[in-house]
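The values are calculated or read from the model by the stated rules, or taken from the named source; none is laboratory data. Computed from a predicted model, the values in this text were never measured in an experiment. Cβ sites come from the backbone with ideal geometry, for glycine too, and all protein chains shown count toward neighbours.
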Amino acid sequence: MPALEQLGRVRSSRKLIRREITEIHDSVSGMEDQERGWRGLMLPWVRPALIAALGTAFFTQAGGLEMMIYYTPTFLSGAGFGGSSALLTSLGVAAVYLIMTLLGCLFVDRIGRRKLMLIMGPGSVLSLLGLGIVFALHPAPGSTGSWLVIVFLLLFMMFNSGGIQVVGWLLGAEMFPLPCVRRRRACMPPCCGGLTCW
C-alpha cells in the first residue's frame with residue numbers, strides 16, 4: 001500500500017502509522033456527498049484552510065524570489081558588472097535555486113516544516129535587507145560593495161528556495177482537509193502563485 005510506505009518514511013513506529021491510516025479512512029468514509037469535491041470548498045469549516053493556502057501561495061511568490069530570478073542581470077548591471085558577468089551570475093542563481101530546492105525537498109520531512117521555516121525565513125529576510133542596504137549605498141563598480149550584491153543575492157536564493165518555497169508549496173496542498181479531496185483543492189495555491197508572479 002503506497003500510503004503505508006510514505007508514512008513509514010516520516011513516522012517512527014508502525015503503531016503511529018496504523019493509527020493515522022485509520023484516522024484518514026474514518027474521516028473520508030464519514031463524509032456526506034455535499035462535503036465532497038468542489039462543493040465542499042464553501043463549507044464554513046473549509047474556508048480558513050482555503051484562505052491560509054491561498055495566502056501562503058501569495059506570500060511565497062510575493063517574497064521576491066521570482067523577481068530575483070527575472071531581474072538578476074539588471075541588478076548586477078546596476079552594481080557595475082558587465083553583461084557577460086551578469087548572465088553568468090544568473091546561471092549561478094539558477095544553480096543555487098535548483099540545488100537548494102532539491103535539498104529542501106529531501107530534508108523537509110526529516111527537519112520538519114516549522115523548523116525549516118524558522119531556520120530559512122530569517123536568513124532570507126536578513127539577506128534581502130543586506131541586498132537592499134548595499135544597493136542603497138550605490139557601490140562603485142568592482143568594489144567590495146558590488147561583490148556583496150552577488151553574495152546577498154545568492155544567500156537570498158539559498159534561504160528562500162531551500163525553505164520558504166519548499167514549505168510554502170507543500171503547505172498549500174496540505175492545508176486542505178483530506179475529506180475535501182485535496183487533489184482538487186491543491187491546484188488552487190499554484191494558480192494563486194502564478195497570478196502573483198504575473
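When you scan segment 125-140, do you find a residue that is part of a helix (DSSP H, G or I), touching a Gly at 6+ places or on another chain (Cβ under 8 Å) and more than 30 Å from Ala52 (Cβ to Cβ), even just one?
Going through segment 125-140, the residues part of a helix (DSSP H, G or I) turn out to be 125-136.
So of that shortlist, the ones also touching a Gly at 6+ places or on another chain (Cβ under 8 Å) come out as 128, 134-135.
With more than 30 Å from Ala52 (Cβ to Cβ) added as a condition, the list becomes 134-135.
Scanning segment 125-140 turns up at least one residue that is part of a helix (DSSP H, G or I), touching a Gly at 6+ places or on another chain (Cβ under 8 Å) and more than 30 Å from Ala52 (Cβ to Cβ).
Here is a check on your reading of the model: is Ala79 of a type in the set (A, V, I, L, M, F, W, C) and surrounded by fewer than 16 Cβ atoms within 10 Å (Cβ to Cβ)? Write out each step before concluding.
Values: of a type in the set (A, V, I, L, M, F, W, C): yes; surrounded by fewer than 16 Cβ atoms within 10 Å (Cβ to Cβ): no.
No: the conditions fail for Ala79.
Pull up segment 147-166, narrow it to residues that are aliphatic (A, V, I, L, M) and without any contact (Cβ under 8 Å) to a residue 60 or more places away in the chain, then point me to the one that is surrounded by the fewest Cβ atoms within 10 Å (Cβ to Cβ).
Here the residue is Val151.
Failed condition for Arg19, given (1) surrounded by 15 or more Cβ atoms within 10 Å (Cβ to Cβ); (2) at pLDDT 80 or above; (3) not small (Gly, Ala, Ser), with all others met?
Condition (1) is where Arg19 drops out.
Let me confirm something: among Gly172, Gly121, which residue is at pLDDT below 85 and within 11 Å of the chain's Cα centre (by Cα)?
None of the other options fit; the residue is Gly172.
Mind listing whichever residues of segment 38-58 are aromatic (Phe, Trp, Tyr), loosely packed, with under 14 Cβ neighbours inside 10 Å and under 26 Å from Arg113 (Cβ atoms)?
Hit for segment 38-58 is Trp45, nothing else.
Checking the structure you have, find out if any residue of segment 146-160 is small (Gly, Ala, Ser) and over 30 Å from Ala53 (Cβ atoms).
yes
For segment 112-146, what are the residues that are within 30 Å of Arg11 (Cβ to Cβ) and crowded, with 17+ Cβ neighbours inside 10 Å?
Leu116, Met117, Met120, Gly123, Ser124, listed by residue number.
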